[in-house]
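Colleague: Let me begin by handing over the structure; questions about it come next.
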Ligand code: HEM
C-alpha cells in the first residue's frame, strides 16, 4: 500500500486553484521538480479536480495495460485536442475507437513496408538535395523547417499518395498555431469572457476553418481517383463497411496528419540538436554506415545498425514528443492501494518515467550506450503502451532512421550561432523553444 503524496498547493490561492497556477507557469518543470522531491506517485488538484500522477512502472502497467478498460482517454486534455482534430482514432473511446483503429490498421500492415521503405528513401534523397540549395547567407540551415517538411511529405505519401507540398504552409503552420492556441485555452482557468479570451477563440475558429477546408480539398481530390482497394488511408476509410460520415473521415485524416508528422518531426529536430552537441555520435554513426558500404537493403536491415538505434532511443528518452498524456477513471478502483474515485484524472508522463532516478543512472546526461542494456519494462514508453499504443511506431522509426543516416552520410553538422540556449517548450508535444539552425559541411 502506497499513499499518493500531495505537494503543497499554490501559495495564497491554493484552496481555490489547487496546483493549477504552478502547473500553468511551466507544467514540465513543475512536475519534474515534484518528481524529484515527492516521488513517482503524487496527487494534485486543478481547482477541485483530483489528478493522480502515476509515474512508476508498476502503476503505469496497471493503468495502461492491466486495467486499461477502467481508464479511457476522454480527459479534458484530449477533449481540447479533439477540438482541433475532431473525434478520431487518437481521441475516440469504446466502439468508435475500435472501429476507427480497425479501419486504419491496413495502412500499417507489414506488407506495406517495402513500399514505405522506397518512398522514405526517395523523400530522404529529395529533401537532402533541396536542403543543399537552401543555405542562408551565413551558411546555416534551418533544420526544424526541413525536418517538418520531410515528415509531412512522408506521412502524406504513405497515407494519401500525396506529398502535401502544396498544402505545406497551411497544414503545418495552421496546425501548429492551433495547437499553441489550444494550450493557451487550457490555461484559461477563469470562467469569465475577457477580451483576450474572445480574440483567442475567434482566431481559433478562423484558423480551424482554413485548415479543415484545405484537408477537405485533399479528401475530395482523392475520392475521384482510381485506386486499388485500401491502397491508402482515405480509401480504406471510404471503402469501410462501417460507412464513416464525411465529418468522421475528416477527423481521422486530420488525426493521422497531426499524429504522424508533428511527433516524428520533433524527434528528428531534437536529434539534430544532439548530433551537433555530441559530434562523437556523428562519427560513430558515420563509421558504422561506411563499414556497411553505405548500403541499406530494406526496412528490416535498419535494425542491424546499432549506433543510430542507440542514439535515437536516447533522443526519445530525453525528449519524448508525447511527454505527458492522461486518462480518466470510470469506476472506483485502487492504484497501489490508494483509492481512485470515478472521474479522477490520471496523469502519465513519459518524460518523468524516462528521468526516474531509480531506473536511469544519471538521467539528465545524454548517454546512448545506456540502451546496450534493455530498460526495465514500462520505464521507456515514448510510444505509450497497452491497447492505445502508437499505431505509427514502425513507420516513425523507419523515417527517422533513414533521414538521419543519410544526412550524417552527406554532412558534418555543427552548431550555428543562430540557435543559442535552446530550451524545451512542453506543450501538447515537446518541441525546442526556437528553430534549430545548424552549419552543414559536406563530407568529401
Ligand atoms: C516518434 C514518433 C512518434 C511518437 C513518439 C508517438 C507517440 C505516441 C504516443 C505516446 C501515443 C499514445 C498516447 C496515449 O496513450 O494517450 C501515440 C498514439 C498514436 N499515434 Fe503516435 N507517435 C509517433 C509517430 C506516429 C506516427 C508516424 C503515426 C501515424 C502515421 C502515429 C499515429 C498514432 C495514432 C493513430 C495514435 C493513437 C492510437 C490509439 O489511441 O489507438 N504516431 N503516439
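The values are calculated or read from the model by the stated rules, or taken from the named source; none is laboratory data. None of the values given here were measured: they were computed from a predicted structure. Cβ: placed from backbone, ideal geometry, glycine included. Neighbour counts: every protein chain shown.
Colleague: Looking at residue 296, is it part of a loop (DSSP other than H, G, I, E, B) and touching a helix residue (DSSP H, G or I) at 6+ places or on another chain (Cβ under 6 Å)?
Modeller: Judged against the criteria, residue 296 is not a match.
Colleague: Taking region 236-261 only, how many residues are within 16 Å of the ligand (Cβ to nearest atom) and either part of a helix (DSSP H, G or I) or in contact with a strand residue (DSSP E or B) (Cβ under 7 Å, 6 or more places away or on another chain) (or both)?
Modeller: Residues flagged as within 16 Å of the ligand (Cβ to nearest atom) and either part of a helix (DSSP H, G or I) or in contact with a strand residue (DSSP E or B) (Cβ under 7 Å, 6 or more places away or on another chain) (or both) within region 236-261 amount to 16.
Colleague: Further question: Taking the criterion of being under 27 Å from residue 423 (Cα atoms), within 13 Å of the ligand (Cβ to nearest atom), outside any loop (DSSP other than H, G, I, E, B) and modelled with pLDDT under 95, would at least one residue in region 56-79 satisfy it?
Modeller: Yes.
Colleague: If you don't mind, another one. Quick one: residue 369 ticks every box in (1) under 23 Å from the mean Cα position of the chain (by Cα); (2) more than 16 Å from the ligand (Cβ to nearest atom) bar one, so which box is it?
Modeller: (1) is the only condition that residue 369 fails.
For every residue, the table says whether it meets (1) closer than 20 Å to residue 107 by Cα; (2) surrounded by 13 or more Cβ atoms within 10 Å (Cβ to Cβ); (3) at pLDDT 85 or above.
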| site | (1), (2), (3) |
| --- | --- |
| 200 | no, yes, yes |
| 205 | no, no, yes |
| 215 | yes, yes, yes |
| 227 | yes, yes, no |
| 233 | yes, yes, yes |
| 246 | yes, no, yes |
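Colleague: Sort out for me the helices (runs of 4 or more DSSP H) sitting completely within region 86-202 that have 2 or more residues that are within 13 Å of the ligand (Cβ to nearest atom).
Modeller: Counting at least 2 such residues, we get 94-104, 113-132, 143-160.
Colleague: Would you please list the contacts, defined by Cβ atoms under 6 Å and residues six or more apart or on different chains, that run from a residue in region 380-396 that is under 22 Å from residue 113 (Cα atoms) to a residue that is within 6 Å of the ligand (Cβ to nearest atom) and assigned to a helix (DSSP H, G or I)?
Modeller: Hits for this filter: 392/260; 396/264.
Colleague: Then there is this: Could you please let me know if residue 339 is assigned to a strand (DSSP E or B), over 30 Å from residue 299 (Cα atoms) and away from the ligand (no atom under 16 Å from the Cβ)?
Modeller: Yes: the conditions hold for residue 339.
Colleague: Scan region 391-421 for residues that are surrounded by fewer than 18 Cβ atoms within 10 Å (Cβ to Cβ) and either near the ligand (Cβ under 9 Å from one of its atoms) or under 23 Å from the mean Cα position of the chain (by Cα) (or both) and report the count.
Modeller: 3
Colleague: Within region 329-342, identify whether any single residue is more than 18 Å from residue 386 (Cβ to Cβ), buried (at least 18 other Cβ atoms within 10 Å of the Cβ), modelled with pLDDT of 95 or more and out of contact with any helix residue (DSSP H, G or I) (no Cβ under 9 Å at 6 or more places or on another chain), and answer yes or no.
Modeller: No, region 329-342 contains no residue that is more than 18 Å from residue 386 (Cβ to Cβ), buried (at least 18 other Cβ atoms within 10 Å of the Cβ), modelled with pLDDT of 95 or more and out of contact with any helix residue (DSSP H, G or I) (no Cβ under 9 Å at 6 or more places or on another chain).
Colleague: Tell me whether region 369-376 contains one or more residues that are within 30 Å of residue 72 (Cβ to Cβ) and in contact with a helix residue (DSSP H, G or I) (Cβ under 9 Å, 6 or more places away or on another chain).
Modeller: Checking region 369-376: at least one residue is within 30 Å of residue 72 (Cβ to Cβ) and in contact with a helix residue (DSSP H, G or I) (Cβ under 9 Å, 6 or more places away or on another chain).
Colleague: Next question, about the same structure. Within region 326-336, identify whether any single residue is outside any helix (DSSP H, G or I) and either within 20 Å of the chain's Cα centre (by Cα) or within 11 Å of the ligand (Cβ to nearest atom) (or both), and answer yes or no.
Modeller: Yes, the conditions are met somewhere in region 326-336.
Colleague: In the set 2, 24, which member is away from the ligand (no atom under 11 Å from the Cβ), assigned to a helix (DSSP H, G or I) and at pLDDT below 95?
Modeller: Exactly one residue qualifies, and that residue is 24.
Colleague: Here is a check on your reading of the model: is residue 221 closer than 30 Å to residue 186 by Cβ, outside any loop (DSSP other than H, G, I, E, B), modelled with pLDDT under 95 and more than 16 Å from the ligand (Cβ to nearest atom)?
Modeller: No, not satisfied.
Colleague: Now for a different question. I'd like the full set of residues that are surrounded by 16 or more Cβ atoms within 10 Å (Cβ to Cβ) and on the phi > 0 side of the Ramachandran plot, limited to region 1-38.
Modeller: Residue satisfying the conditions is 18 alone.
Colleague: Limited to region 365-376, what total is found for residues that are in contact (Cβ under 8 Å) with a residue 12 or more places away in the chain and part of a loop (DSSP other than H, G, I, E, B)?
Modeller: Residues that pass the stated criteria total 4.
Colleague: Hey, another quick one. In the list 376, 307, which residue meets the criterion of being away from the ligand (no atom under 11 Å from the Cβ), over 26 Å from residue 89 (Cβ atoms), at pLDDT 95 or above and surrounded by fewer than 18 Cβ atoms within 10 Å (Cβ to Cβ)?
Modeller: 376
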